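Following: one structure in structure tokens, then a few remarks.
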Amino acid sequence: MSTLGKTPLIGRDAELDAVLRELDAGARLVTLLGPPGIGKTRLATAARERVAGRFSTRFCDLSSAATEQALCLAVASALDERSPSSLGLGVIADSVDAVSALLASQGPQLVVLDNFEQLSSCAAVIHHWLSQHRDLVFVVTSRERLAIDGEHVIELAPLSLPPPGAGQREQRASAAVQLFLTRAHQAGAPASDDLDSVVEIVRRLDGIPLAIELAAARTRLLPAAELARRLGRGEDVLGSARTGSGRYRTLSAAIAWSWSLLEPEEQLALAVCSVFRQSFDVEAAEALIGRAGVSAPLDRIAALRDKSLLSLDEAGRLALYQSIAEFADKRLEELGKRRTARLAHARYYARLAEELIAARLLRTAEPDPRAMGRVRLERDNLVAAFEHATSLDGEPTLRATLASALALLHLVPADQADKNLVAVLAEPLTTNQRAQALLARQSSLAALGRFDEALALAHQVIDTEDVDPGLRCFAYVYAGIQLRSDGDTERALGYHQRAEALLSSHDLPRLSAMNTACMGRLECDRSNLDAARELNRRATQLCDAMGDLWLSALGIANLAQLEQEMRSFVTADDLFERALRRLSDANEVHYEGIYATRRAGLYLEWKRPDAARESLVRAKRLLSRVNLPIQVAVVHAIAALAEAEAGDPDAARAELELSARHSQRGATGVLGQMLELLTHAVELRDPRIHAATVERRRQEYADLTTQDDARSRSVRRNLDTRFALRMLERALAAHAAAPRILVVGRAGAWFSLDGAARVDLRRRGSLRRMLDALVSAHAARPSPSLGGAALLGAGWPDERILAEAAATRVRVAVATLRKLGLRDVLLTHDDGYRLDPDLRVERG
């Protein structure tokens, strides 16, 4: 009789409820399905205990049964505890009907048949017994379905794991963590609050209960941190810490038992699957298993899935639990197939890498959102493929292709990508393979802030005579992007102009559209508003015509930041929404994360903190999927400013520390300047700041906005740094001794902000009347926003014009008032405009 029910069932409430619902609904055969160690027996025991008042229950351990005769003997022994001789088991063991008669004599029964997987050929016996006895119920634990009529299958998944970045409360709420802590306490392990190490352990063990229990028992000897380190090195530290049948003394033994039940070709198929990293699709598995010489590979995959050795995730992708993968990898080596399987894996994913490189370098005729969608799904396999290729002799093309894809798609840290590419570029490659690798290394060096070296690599591509024209054009475009990132807008514009000239003689429409969007962004940076709007609109139209969601989103996002700078917040928000929707549809996680960050900045400047926080959460989630530490640093810096403005300096400081940690490498150029300015803005919001620091920051701000040195010009010639400069200005304004004052003449004839010289509006009737209307609205509390219709009526009271022309007229008039000096106090709010509620307005 099992004793598993004596320890509490943890993390299986939903599954237990599902079993009980099936039984309440009249199910007579419930199969608990899952891989070794997933907790099937414990769940079955708990269910048996819960229904003990409704049924006479029995527990039958089939771990030693492998034949129909052994099945009959085991069931008969469970039904009657008398000695075998008194039961006449010699007769019963030879007769399914004799056991059926014994079942009939017992009355209504619920029988747990534990470990049925090795008896799959005997499923018809269970069907026969159920057909003979209407009061009989079986709960079966198995790694394979019985596949008979009336079977209700409940497949067990691993225990829940904490989400990435979870705090201690969420960590403790995880079923896997709860199980580990409970079993460690029961094992007599010293108390510990090292939850991070516990989370690392349960993640490493895939949330499999048996593995977690074995690991928890080891904490009597090893602290959680040391156990996590050893598991990370691949050591077998679980040992035989569990009591029970010999087959369950270690997880490896449980897996070995499942392996022994497989046919030889199923064993080889499972071993081959160990070369995959994390999840993989059926097509990839079929290809690699077939190359290993296995017949009917799809059937073998189905068999392994049926036997619970391959799991299926929500996206329909296959996966091996880590413990099974490690076991299978050892068997692959014993079979002498490891090198062949790894080479096949590297070649398979190198073909995908080639598609991804072509998509990223805009060498495909049409955009393919599915290609970028596969990046996130296949990241781990692309990394593993490069590792496999690196471990093999020869194959320089494989290594070059995979290393270039890892760098261009930011799938590994930039310093690691650069190291990979340095090694690859030392090998013999074709001209175009070398050019691709140089462009990939150029991307990695730019991410590290090594702009001069990156530019030199671009010139190696540009100066190679027989290189593909598309690669040469891309080198020009990339060089322009990186010079802008380094704050040199004038040189950047020169490279984009040279790219434009070269593109005019080649049919590369997608690259041409990207170059146009880049030039549009440069004009935004240079504050050439009309040129910026025209170029970005042209880029968007070109991309829309091609159905290129990614590139059209870039032009729209540029316009969003431009409208934000003009304080047209509603328009900017709408443009950001359009851009982000396109980036999401294009599976461009990298850019979606960047522009979700910029949208958070918009909300912060707009004084909508809740919306800013929501956008920051989105940005953090997206950027956690790629290796872009400098962009993550920007997210945390903006989050720090949000916390500081909300009056929580401690939370702001914590976010700044995260920002500093991520910006340790690559915090140069305009993003480095942006981070510095945002850090100063956060610092100024701390109520404990010294007056001397405030004055120093005030002088630095004055220098940046008035001096003509290289650094000041760089800050003033970039949308991102100008945003940070505005947030610094706002933080400085919070230290002003008196509120800002706007004095307005009679009927809006003139105005003066903060004692500055008067701005005369007497000859600008529409502007004068609009300002007068805004001042009158400001007097109400709370002050309402004036929509476009209200301002049109105030500025042009006797005119009737079409709605589109009216909106344009009002927008231009508002922009003019801002240019005349009201930029910081004339706000866009909801669907209209108003003066800053904190502004003191006086009639002159």
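In region 548-591, how many are of a type in the set (Ser, Thr, Tyr) and either outside any helix (DSSP H, G or I) or at positive phi (or both)?
1
What pairs come up if the first residue lies in region 52-69 and is open to solvent by less than 60 Å² (accessible area, probe 1.4 Å), the second is modelled with pLDDT under 90 and part of a loop (DSSP other than H, G, I, E, B), and their beta carbons are under 6 Å apart, counting only those six or more places apart or on different chains?
Note: pairs meeting the criteria are Phe55/Pro108; Phe59/Met1; Phe59/Ser2; Ser63/Ser245.
Could you check Met770 against (1) open to solvent by 10 Å² or more (accessible area, probe 1.4 Å); (2) in contact with a strand residue (DSSP E or B) (Cβ under 9 Å, 6 or more places away or on another chain) and say which number it fails?
Met770 satisfies all of (1) open to solvent by 10 Å² or more (accessible area, probe 1.4 Å); (2) in contact with a strand residue (DSSP E or B) (Cβ under 9 Å, 6 or more places away or on another chain) except (1).
I'm trying to understand the selection: among the residues of region 254-308, which are under 30 Å from the mean Cα position of the chain (by Cα) and of a type in the set (Ser, Thr, Tyr)?
Result: Ser274, Ser279, Ser308.
Assess whether Thr364 counts as being crowded, with 24+ Cβ neighbours inside 10 Å and of a type in the set (Val, Ile, Thr).
no
Have a look at Pro190, Pro209, Pro223 and point out the one that is modelled with pLDDT of 85 or more and open to solvent by 70 Å² or more (accessible area, probe 1.4 Å).
Pro223
Given the criteria touching a helix residue (DSSP H, G or I) at 6+ places or on another chain (Cβ under 7 Å), assigned to a helix (DSSP H, G or I) and open to solvent by 50 Å² or more (accessible area, probe 1.4 Å), does Gln416 qualify?
no
Which one of Ala532, Ala545 is at pLDDT below 95, open to solvent by less than 10 Å² (accessible area, probe 1.4 Å) and either of a type in the set (A, V, I, L, M, F, W, C) or touching a strand residue (DSSP E or B) at 6+ places or on another chain (Cβ under 7 Å) (or both)?
Ala532
Of all residues being out of contact with any helix residue (DSSP H, G or I) (no Cβ under 8 Å at 6 or more places or on another chain) and either among the acidic types (Asp, Glu) or not in a loop (DSSP other than H, G, I, E, B) (or both) in region 154-181, which is farthest from Ala225 (Cα to Cα)? Just the residue, please.
For region 154-181, the residue satisfying everything is Glu155.
Just need a number here: residues in region 613-651 that are surrounded by 24 or more Cβ atoms within 10 Å (Cβ to Cβ) and either of a type in the set (Asp, Glu) or in contact with a Phe, Trp or Tyr (Cβ under 8 Å, 6 or more places away or on another chain) (or both).
Residues in region 613-651 being surrounded by 24 or more Cβ atoms within 10 Å (Cβ to Cβ) and either of a type in the set (Asp, Glu) or in contact with a Phe, Trp or Tyr (Cβ under 8 Å, 6 or more places away or on another chain) (or both): 1 in total.
In the list Ala285, Ala292, Ala325, which residue meets the criterion of being touching a strand residue (DSSP E or B) at 6+ places or on another chain (Cβ under 8 Å) and under 20 Å from Asn381 (Cβ atoms)?
So the residue among Ala285, Ala292, Ala325 that is touching a strand residue (DSSP E or B) at 6+ places or on another chain (Cβ under 8 Å) and under 20 Å from Asn381 (Cβ atoms) is Ala285.
With Arg823, Arg809, Arg840 as the choices, which residue is more than 28 Å from Leu732 (Cβ to Cβ) and either polar (S, T, N, Q) or surrounded by 12 or more Cβ atoms within 10 Å (Cβ to Cβ) (or both)?
Arg809
Got at least one residue in region 370-381 being assigned to a helix (DSSP H, G or I), open to solvent by less than 20 Å² (accessible area, probe 1.4 Å) and at pLDDT 95 or above?
yes
Mind listing just one residue for me: the one in region 255-306 that is under 27 Å from Ile148 (Cβ atoms) and charged (D, E, K, R) and, of those, surrounded by the most Cβ atoms within 10 Å (Cβ to Cβ)?
Here the answer is Arg300.
Are any residues in region 129-156 among the small types (Gly, Ala, Ser) and either surrounded by fewer than 16 Cβ atoms within 10 Å (Cβ to Cβ) or free of Cβ contacts under 8 Å to residues at least 60 places away in the same chain (or both), and if so, which ones?
Selection gives Ser131, Ala147, Gly150.
How about region 406-435: which of its residues are under 28 Å from the mean Cα position of the chain (by Cα) and closer than 13 Å to Pro396 by Cβ?
Scanning region 406-435 gives Asn420, Leu421.
Could you run through region 226-264 and say how many residues are of a type outside the set (Gly, Ala, Ser), modelled with pLDDT of 80 or more and under 30 Å from Asp299 (Cβ atoms)?
Qualifying residue count, region 226-264: 7.
I'm checking my understanding of the structure. Among residues of region 433-449 that are without any contact (Cβ under 8 Å) to a residue 40 or more places away in the chain and either of a type outside the set (A, V, I, L, M, F, W, C) or touching a Pro at 6+ places or on another chain (Cβ under 9 Å) (or both), which one is surrounded by the most Cβ atoms within 10 Å (Cβ to Cβ)?
Among those that are without any contact (Cβ under 8 Å) to a residue 40 or more places away in the chain and either of a type outside the set (A, V, I, L, M, F, W, C) or touching a Pro at 6+ places or on another chain (Cβ under 9 Å) (or both), it is Ser444.
Kindly provide the set of residues from region 682-720 that are open to solvent by less than 50 Å² (accessible area, probe 1.4 Å) and either assigned to a loop (DSSP other than H, G, I, E, B) or touching a residue at least 40 places away in the same chain (Cβ under 8 Å) (or both), ordered by number.
Val682, Leu684, Asp686, Ile689, Val694, Ser714, Val715, Asn718, Leu719, Asp720
Which count do you get for residues in region 332-359 that are of a type in the set (Lys, Arg) and open to solvent by less than 20 Å² (accessible area, probe 1.4 Å)?
Qualifying residue count, region 332-359: 0.
Within region 102-146, track down each residue that is under 43 Å from the mean Cα position of the chain (by Cα) and aliphatic (A, V, I, L, M).
Correct list: Val112, Leu113, Leu119, Val139, Val140, Leu146.
Exactly one of these conditions fails for Thr489: (1) open to solvent by 50 Å² or more (accessible area, probe 1.4 Å); (2) among the hydroxyl-bearing types (Ser, Thr, Tyr); (3) touching a helix residue (DSSP H, G or I) at 6+ places or on another chain (Cβ under 7 Å). Give me its number.
(1)
Name the residue, out of Ser512, Ser552, Ser568, that is open to solvent by 10 Å² or more (accessible area, probe 1.4 Å), closer than 28 Å to Trp606 by Cβ and either touching a strand residue (DSSP E or B) at 6+ places or on another chain (Cβ under 6 Å) or among the hydroxyl-bearing types (Ser, Thr, Tyr) (or both).
Of the residues listed, the single one that is open to solvent by 10 Å² or more (accessible area, probe 1.4 Å), closer than 28 Å to Trp606 by Cβ and either touching a strand residue (DSSP E or B) at 6+ places or on another chain (Cβ under 6 Å) or among the hydroxyl-bearing types (Ser, Thr, Tyr) (or both) is Ser568.
If I go through region 114-127 residue by residue, how many of them are assigned to a helix (DSSP H, G or I) and surrounded by 15 or more Cβ atoms within 10 Å (Cβ to Cβ)?
Selection size over region 114-127: 9.
Please pick out the residue among Leu110, Leu159 that is touching a Gly at 6+ places or on another chain (Cβ under 6 Å) and within 25 Å of Leu33 (Cα to Cα).
Leu159
The values are calculated or read from the model by the stated rules, or taken from the named source; none is laboratory data. These numbers come from a predicted model, not from an experiment. Here Cβ is always computed from backbone atoms with ideal geometry, including for glycine, and neighbour counts include all displayed protein chains. The area values use the complete protein model at the heavy-atom level, side chains included, leaving out ligands, DNA and RNA. Shrake-Rupley method; radii C 1.70, N 1.55, O 1.52, S 1.80 Å.
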